[in-house]
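Let me begin by presenting the structure, written as structure tokens, before commenting on it.
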Amino acid sequence: MKKLILAGIILAGISSFADEVNIRGGLNAGNWYSEIGGFNTGKSDDLGFEFTVEYMKEVVPNFKLGIGTGYQANPKAEGKNTETEYYVSPGVEYEAKKGFEDKKYYDSIPIYITGKYEFPINDNWGAYAKVNVGYSFNLEKDDAGWEDYARYEINDVEQPPIYSNSKSYETKINDGFYYAVGGGVKYKSFFADIMYQTTFADIEVNGEKDNLDYSRVTLGVGYCFGF
């Protein structure tokens with residue numbers, strides 16, 4: 001928390017020297033996690049999103065440098081399920097599962113330096129290339145969880161489980177490096193971009209350490225406030 005407060009003070013100071021402030025929202029079109037042994041597959045079928053604020057200043061013609069931050073809501077990582085059974089017959093539904101659950105392990109608040117080179121087309125239109133490099137404060141969410149159960153329903157009424165041996169594992173997440181590369185187009189004060197991003201994170205599950213880095217392709221739109 002102290003590190004986040006210090007970062008906020010630094011951002012507030014830098015903002016007074018900015019030529020522009022960019023407000024942006026983004027949706028992740030693709031997600032990849034590092035695979036952790038038997039816990040997850042490295043895939044994710046969920047969507048992540050983010051909201052960012054950047055303060056930038058033109059340092060040479062067409063090149064702007066600045067600092068940014070935001071909140072990145074990361075999706076669940078797909079768990080490894082070793083066994084799944086499911087069948088339906090008239091009036092009866094049966095399900096059994098054994099394996100690790102899909103879990104949302106962390107969200108992120110990155111603090112980063114950003115550089116943008118602009119390619120003006122005319123008075124209204126332009127394109128740009130962009131790079132972010134910084135540090136991500138990763139916020140712990142769910143513990144890793146093991147599912148081992150069998151249940152059934154009769155005429156859409158759930159019955160007491162046949163058996164249930166589910167449990168959770170204490171999970172810790174560490175902060176790490178963050179970067180993004182991409183580009184976009186700008187029309188007057190509006191812009192749209194596509195960025196490839198990676199957040200690095202170390203994870204500890206039940207005392208065992210591993211990496212749970214998160215990469216994604218993000219589609220973003222935003223508005224630029226000039227000063």
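The values are calculated or read from the model by the stated rules, or taken from the named source; none is laboratory data. Since the model is a prediction, treat every value here as computed from it, not as a measurement. Here the Cβ is made from the backbone with ideal geometry for all residues, glycine too, and neighbour counts use every protein chain on show. For the accessible areas, the whole protein counts, side chains as well, though only heavy atoms, and no ligand, DNA or RNA atoms are used. Shrake-Rupley method; radii C 1.70, N 1.55, O 1.52, S 1.80 Å.
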**Request:** Please go through the range 197-227 and pick out each residue that is closer than 16 Å to ALA180 by Cα and in a strand (DSSP E or B).
**Result:** GLN197, THR198, THR199, TYR214, SER215, ARG216, VAL217, THR218, LEU219, GLY220, VAL221
**Item:** When residues of the range 72-84 are limited to those that are open to solvent by 50 Å² or more (accessible area, probe 1.4 Å) and part of a strand (DSSP E or B), the one nearest to TYR178 (Cα to Cα)
**Value:** ASN81
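For every residue, the table says whether it meets (1) of a type in the set (Lys, Arg); (2) within 21 Å of the chain's Cα centre (by Cα).
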| position | (1), (2) |
| --- | --- |
| PHE39 | no, yes |
| SER44 | no, yes |
| VAL59 | no, no |
| LYS64 | yes, no |
| LYS76 | yes, yes |
**Item:** Answer residue from the range 143-159, given it is open to solvent by 60 Å² or more (accessible area, probe 1.4 Å) and more than 14 Å from GLU95 (Cβ to Cβ) and is modelled with the highest pLDDT among those
**Value:** ASP143
**Item:** the range 85-144, residues that are among the basic types (Lys, Arg) and either assigned to a strand (DSSP E or B) or free of Cβ contacts under 8 Å to residues at least 24 places away in the same chain (or both)
**Value:** LYS97, LYS98, LYS103, LYS116, LYS130
**Prompt:** Filtering the range 187-206 down to residues that are open to solvent by less than 60 Å² (accessible area, probe 1.4 Å) and over 14 Å from TYR33 (Cβ atoms), which residue is nearest to the chain's Cα centre (by Cα)?
**Reply:** MET195
**Message:** Anything in the range 146-196 that is within 30 Å of ILE121 (Cβ to Cβ) and in a loop (DSSP other than H, G, I, E, B)? List them, or say none.
**Reply:** LYS188, SER189
**Prompt:** Got a number for residues in the range 25-71 being open to solvent by less than 70 Å² (accessible area, probe 1.4 Å) and not polar (S, T, N, Q)?
**Reply:** 22
**Request:** Kindly indicate whether TYR178 is within 15 Å of the chain's Cα centre (by Cα), modelled with pLDDT of 95 or more and open to solvent by 40 Å² or more (accessible area, probe 1.4 Å).
**Result:** no
**Prompt:** Residue check: is PRO120 open to solvent by 20 Å² or more (accessible area, probe 1.4 Å) and either closer than 25 Å to THR52 by Cα or aliphatic (A, V, I, L, M) (or both)?
**Reply:** yes
